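Taking it in order: structure first as structure tokens, then the write-up.
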Amino acid sequence: KKAANLNLIDESIIEANKTNFLIKLSDIKSAIYNPSKKFGMGYYPHDGRVIMETFDNKKREFIILGNQSGESIANLITTK
């Protein structure tokens with residue numbers, strides 16, 4: 001509910017909560033799909049991880065929850 005009226009493109013999403021972040025597609029150097037399960041996820045359904053690296057060499061790991069394809073997500077990011 002708190003994010004319902006926020007613009008997801010500008011900085012207002014970050015101002016709403018400091019744990020939010022934005023990564024511009026133009027800043028992404030690579031997105032790699034890792035199909036191995038994330039340790040500690042237990043019974044939560046997930047399809048591995050996508051690791052994104054930006055041109056300033058920062059990395060973020062995203063656990064792909066539910067019935068989604070991590071491989072498809074990584075491909076969408078890299079074929080911007």
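The values are calculated or read from the model by the stated rules, or taken from the named source; none is laboratory data. Given the structure is predicted, the values throughout are model-derived calculations rather than measurements. Here the Cβ positions follow ideal geometry from the backbone for every residue, glycine too, while neighbour counts run over all protein chains shown. Only protein heavy atoms, including side chains, enter the accessible area calculation; ligands, DNA and RNA are left aside. Shrake-Rupley method; radii C 1.70, N 1.55, O 1.52, S 1.80 Å.
Suppose we keep only residues that are open to solvent by less than 70 Å² (accessible area, probe 1.4 Å) and touching a residue at least 40 places away in the same chain (Cβ under 8 Å) within region 26-41. Which one would you say is farthest from residue 75 (Cα to Cα)? That would be 28.
From the list 73, 64, 23, 14, the lone residue that is touching a helix residue (DSSP H, G or I) at 6+ places or on another chain (Cβ under 7 Å) and open to solvent by less than 70 Å² (accessible area, probe 1.4 Å) is 64. Go through region 1-31 residue by residue and tally those that are in a loop (DSSP other than H, G, I, E, B), basic (Lys, Arg) and at pLDDT 80 or above. Counting residues in region 1-31 that are in a loop (DSSP other than H, G, I, E, B), basic (Lys, Arg) and at pLDDT 80 or above gives 2. If you go through region 50-80 and keep only what is of a type in the set (Ser, Thr, Tyr) and either outside any loop (DSSP other than H, G, I, E, B) or within 17 Å of residue 23 (Cβ to Cβ) (or both), you end up with 54, 72, 78, 79. Scanning region 42-58 for residues that are more than 17 Å from residue 26 (Cβ to Cβ) and surrounded by fewer than 12 Cβ atoms within 10 Å (Cβ to Cβ) returns 42, 43, 44, 45.
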